[in-house]
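Asker: Okay, handing you the structure first.
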Amino acid sequence: MRSRTNRVPAWSAALFLLSGHLLAILGVPGIALAQPAVNLAWDDCYAGGGVADKFDACDTNLLPPHRLLVTINPNGTIAGVSGATGSIIVTVDPAISDYWQLYPGGHRQNAFAEDPLVGISNPPFSCTPIWSDPVSAIVANAPSPANRMRMQWNVLSQPGVTTTLDSSVSTEYYVLAVLISRAGTTTSTQCPDPGLLSVEDVVLLRPAGHPDGDVAVTATDVSTVVSWQGAPTPARYDTWGSIKSLYR
């Protein structure tokens, strides 16, 4: 009598793997899908008391600037990191307020900069530095659509210098700190208007020719969204686009 072998159809195995990925993303206990994840916070890293909302009385131009931090939890080891790139999106409905018109020709054009303290070895933040004396650039673009303003940024280490991100050393590395100046605050009639800021399109860069290539960071660690003047934030900001990217 010939024995019979039960074979699992290929489509069934693929469906099982897909469901495992989705369960991990949705936070179902017992399912782990380690991947690097990003944060956005005001004032400090989340490990050091960073906050997800920022209030401003809008009555002075003279106080120190607000600080936004982009941080990464590697959830494992990522070797050979030489830079990073991404975007911070400001959303104010129905249209970008004059306070967040940071782009050329806007009410507060150029009222932002990278925090120079990011490049020092012992910064006043509570997470681990990646860079030493980095080269960086931030560009604010005119709104498109009318309620969204994109700030594109990149950070590069010195030529030939790479860093290994290791979650056994730290679960929060800071990538970028942006200073939002108070200049022009008192003449911004829409400064009190609530809005949201999110970090998107984050990629950890490796040197050209690296066998493992660059690393897209699409997952959320604590939060990728912060609010301005009490705007409600979503509990989770993983998008369907970020979920689909896992299967491309």
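Asker: So in region 194-213, with the set limited to residues that are under 20 Å from the mean Cα position of the chain (by Cα) and aliphatic (A, V, I, L, M), which one is surrounded by the most Cβ atoms within 10 Å (Cβ to Cβ)?
Answerer: Result: VAL199.
Asker: Still on this model: Looking only at strands (runs of 3 or more DSSP E) that lie completely in region 36-103, which have at least 1 residues being touching a helix residue (DSSP H, G or I) at 6+ places or on another chain (Cβ under 9 Å)?
Answerer: Ranges flagged: 37-42, 66-73, 83-91.
Asker: I would also like to ask the following. Just to be sure before I move on: is SER170 out of contact with any Pro (no Cβ under 6 Å at 6 or more places or on another chain), buried (at least 18 other Cβ atoms within 10 Å of the Cβ), of a type in the set (Gly, Ala, Ser) and part of a strand (DSSP E or B) in the structure I sent?
Answerer: no
Asker: Can we say ARG150 is part of a strand (DSSP E or B), touching a residue at least 40 places away in the same chain (Cβ under 8 Å) and of a type in the set (Lys, Arg)?
Answerer: So ARG150 fits the description; yes.
Asker: Same structure again: Contact list please: Cβ distance under 7 Å, first residue in region 30-41 and more than 13 Å from ASP221 (Cα to Cα), second residue at pLDDT 95 or above and not basic (Lys, Arg), pairs at least six apart or on different chains.
Answerer: That search, which allows pairs on different chains as well, returns nothing.
Asker: Consider ILE96 against the criteria (1) of a type in the set (A, V, I, L, M, F, W, C); (2) touching a strand residue (DSSP E or B) at 6+ places or on another chain (Cβ under 6 Å); (3) at pLDDT 95 or above; (4) surrounded by fewer than 19 Cβ atoms within 10 Å (Cβ to Cβ): it satisfies all of them except one. Which criterion is unmet?
Answerer: The one condition ILE96 does not meet is (4).
Asker: Something else about it: Being in contact with a strand residue (DSSP E or B) (Cβ under 9 Å, 6 or more places away or on another chain) and assigned to a loop (DSSP other than H, G, I, E, B) is the filter; apply it to region 155-167 and report the residue that is nearest to LEU68 (Cα to Cα).
Answerer: Filtering first and then ranking leaves SER157.
Asker: For region 33-82, how many residues meet the condition of being surrounded by 14 or more Cβ atoms within 10 Å (Cβ to Cβ), small (Gly, Ala, Ser) and at positive phi?
Answerer: 1
Asker: Quick check on my filter: what residues within region 112-139 are β-branched (Val, Ile, Thr), outside any loop (DSSP other than H, G, I, E, B), modelled with pLDDT under 90 and farther than 18 Å from LEU165 by Cβ?
Answerer: Hit for region 112-139 is VAL135, nothing else.
Asker: Still on this structure: Yes or no: region 139-146 includes at least one residue that is crowded, with 21+ Cβ neighbours inside 10 Å and not small (Gly, Ala, Ser).
Answerer: no
Asker: Picking from ALA177, ALA146, ALA183, ALA142, which residue would you name as being of a type outside the set (S, T, N, Q), at pLDDT 95 or above, on the phi < 0 side of the Ramachandran plot and in contact with a Lys or Arg (Cβ under 8 Å, 6 or more places away or on another chain)?
Answerer: It is ALA183.
Asker: Condition test on THR162, is it modelled with pLDDT under 90, under 22 Å from ALA37 (Cβ atoms) and surrounded by fewer than 20 Cβ atoms within 10 Å (Cβ to Cβ)?
Answerer: no
Asker: Which of the residues belonging to region 163-193 are more than 19 Å from the chain's Cα centre (by Cα) and acidic (Asp, Glu)?
Answerer: ASP193
Asker: Within region 214-234, restricting attention to residues that are surrounded by fewer than 19 Cβ atoms within 10 Å (Cβ to Cβ), closer than 21 Å to ARG150 by Cα and aliphatic (A, V, I, L, M), which residue is modelled with the lowest pLDDT?
Answerer: Looking at residues that are surrounded by fewer than 19 Cβ atoms within 10 Å (Cβ to Cβ), closer than 21 Å to ARG150 by Cα and aliphatic (A, V, I, L, M), I get ALA231.
The values are calculated or read from the model by the stated rules, or taken from the named source; none is laboratory data. This is a predicted model, so every value here is computed, not measured. Methodologically, a virtual Cβ is constructed for each residue, glycine included, from the backbone with ideal geometry; neighbour enumeration extends over all protein chains shown.
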